[in-house]
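> Handing you a structure now.
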Amino acid sequence: VDMDSVKFFANKTAKFITPLGVGARLEGWGISAERITEKNWWEEASFEGIKFIATPAQHFSGRGMFDRNKTLWASWVLQSKNHNIYYSGDSGYDIHFKEIGDRLGPFDVAFLECGQYDQKWSEFHMLPEEGVKAYKELRSKKFFPVHWGMFVLAMHTWYDPMVQLFKLSKEHDVDLVVPKFGEMVKFGTAFENDLWWERKVTQIE
């Protein structure tokens, strides 16, 4: 949760749907309680024709030394009349992906974290091969990698997630969608990856 982003909406009408316990922090940043809805895993809230379902995820929560795991960490399923979308947030790999796929899948697209990984903390961030396994268990049509290429929190290069994922995609028939940062992608249209990060690496080198 980015404090400045939340405060931007303090004097607006945007509503917030959060995991359990996060609402108190938003109230501290100026969001009125009536604009906040908290949900436990498997609970849902609907807003303007879209259903938001809080689903399990594996990661610690907290923003300081004394609030570790005081709030619920969650992933999300967004369902509309025409689409079914999964967003992992930060999460290590575990049995929850299969359970989500069995209960709420298949999905049109799964936004899955892929980046800042290491064997030492794989319980919090998936390795590329685990991301592919999660994609398969979610029964998603497309895999949209997130959580890579921005912040450096691990020892791998910023582009290593894509190198690894595209290699795995050929081996395991994964339909990857990796647009340039800011590029729009429309549902129902074919998307062709142009491996743009390879050009960026060449420019830097």
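> Using the alpha-carbon centroid of each, what span in Å lies between the stretch 138-205 and the stretch 13-81?
27
> How long are the three semi-axes of the equivalent ellipsoid for the stretch 22-139, computed from the Cα gyration tensor as the root of 5 times each eigenvalue, in whole Å, largest first?
Numbers: eigenvalues 116, 92, 20 Å².
Calculated on Cα positions only, the semi-axes equal 24, 21, 10 Å.
> According to the Cα gyration tensor, what semi-axes, each the square root of 5 times an eigenvalue, does the equivalent ellipsoid of the stretch 104-163 have, listed from largest to smallest in whole Å? Working shown, then result.
Working: eigenvalues 94, 29, 14 Å².
Ellipsoid half-lengths, sorted descending, are 22, 12, 8 Å.
> Now for a separate question. Using the structure shown, list the pairs from 39/70; 39/186; 81/136; 81/180; 39/167; 81/141 with a Cα-Cα distance above 26 Å, or answer none.
Values: 39/70 15 Å; 39/186 29 Å; 81/136 23 Å; 81/180 28 Å; 39/167 37 Å; 81/141 17 Å.
Over 26 Å apart, Cα to Cα: 39/186; 81/180; 39/167.
> Which parts of the stretch 169-205 would a label at residue 12 reach, counting a residue when its backbone N lies under 15 Å from a point 7 Å out along Cα-to-Cβ?
No residues fall inside that zone.
> Rounded to the nearest 10 degrees, what's the angle between the helix 160-172 long axis and the longest principal axis of the chain, both from Cα atoms, 0 to 90?
70
> Contour minus end-to-end for residue 150 and residue 167, with contour as 0.36 nm per residue of separation and end-to-end as the Cα-Cα distance? Could the numbers behind the result be given before it?
On the way: separation 17, 0.36 × 17 = 6.12 nm, distance 2.12 nm.
So the extension gain works out to 4.0 nm.
> Sticking with this one: Take 86, 159 and sort them by solvent-accessible surface of the protein heavy atoms, 1.4 Å probe, largest at the top.
Values: 86 0, 159 60 Å².
Order by accessible area, largest first: 159, 86.
> Now for a separate question. Counting just the Cα atoms, what span does the stretch 39-99 cover along each of its three principal axes? Round to the nearest Å and put the largest first.
42, 25, 15
> Top mean-square fluctuation among 36, 100, 17, Gaussian network model of the chain, C-alpha springs under 10 Å?
The residue with the greatest mean-square fluctuation here is 36.
> Given Cβ point charges of +1 (Lys, Arg) and -1 (Asp, Glu) and nothing else, what value in debye, to the nearest 20, does the dipole of the stretch 71-182 about its Cα centre take?
Working: 12 positive and 15 negative charges, 80 e Å.
Approximately 380 debye in magnitude.
> Provide the FRET efficiency to the nearest 0.05 for the residue 60-residue 199 pair, computing r from the beta carbons and using R0 = 35 Å. Could the numbers behind the result be given before it?
Details: r = 36 Å, r/R0 = 1.04.
Efficiency computed from Cβ-Cβ geometry: 0.45.
> For the stretch 163-205, just say rounded, prolate or oblate: build the C-alpha gyration tensor, square-root its eigenvalues into a ≥ b ≥ c, call rounded for a/c under 1.5, and beyond that prolate if a/b exceeds b/c, oblate if not. Intermediate results must be reported in sequence, preceding the final value.
Working: a/c = 3.23, a/b = 1.18, b/c = 2.73.
It comes out oblate by the Cα gyration axes.
> Also, quick follow-up: Taking the stretch 1-35, which trypsin sites (Lys or Arg not before Pro) meet the DSSP loop condition and have no more than 10 other C-beta atoms within 10 Å?
Working: sites: 7, 12, 15, 25, 35; in loops: 12, 15.
Passing both the DSSP loop test and the Cβ count: 12.
> With the Cα gyration tensor of the chain giving a ≥ b ≥ c as the square roots of its eigenvalues, does the rule (a/c under 1.5 for rounded; else a/b larger than b/c for prolate; else oblate) give rounded, prolate or oblate? Mind showing how you got there, number by number?
Details: a/c = 1.58, a/b = 1.39, b/c = 1.13.
Here the chain falls in the prolate category.
> Report, to the nearest 10°, how far helix 128-138 tilts away from the longest principal axis of the Cα atoms in the chain, using its own Cα long axis and a range of 0 to 90°.
Tilt of helix 128-138: around 60 degrees.
> Loop-only trypsin sites (Lys or Arg not before Pro) in the stretch 168-205, please: DSSP not H, G, I, E or B, and at most 12 other Cβ atoms within 10 Å.
Working: sites: 170, 180, 186, 199, 200; in loops: 180, 186.
Taking the stretch 168-205 and a limit of 12 other Cβ atoms within 10 Å, the loop trypsin sites (Lys or Arg not before Pro) found are 180, 186.
> Sticking with this one: Per DSSP H run of at least 4 residues, take -39500 (n - 2.57); add these up for the chain, divide by its residues and hand me the 222 nm value, nearest 500 deg cm²/dmol.
Working: 6 runs with 54 residues, N = 205.
Counting only the DSSP helices, I get -7500 deg cm²/dmol.
> Counting other Cβ atoms within 10 Å, which GluC sites (Glu not before Pro) in the stretch 97-176 have at most 16 and lie in a DSSP loop?
Working: sites: 99, 113, 123, 129, 130, 137, 171; in loops: 123.
Here the GluC sites (Glu not before Pro) that fit, given the DSSP loop and packing criteria, are 123.
The values are calculated or read from the model by the stated rules, or taken from the named source; none is laboratory data. Note that the structure is predicted; figures quoted are calculated from it, not measured. Cβ sites come from the backbone with ideal geometry, for glycine too, and all protein chains shown count toward neighbours. Just so you know, the surface numbers come from the protein's heavy atoms only, side chains and all, with ligands and any DNA or RNA stripped out. Shrake-Rupley method; radii C 1.70, N 1.55, O 1.52, S 1.80 Å.
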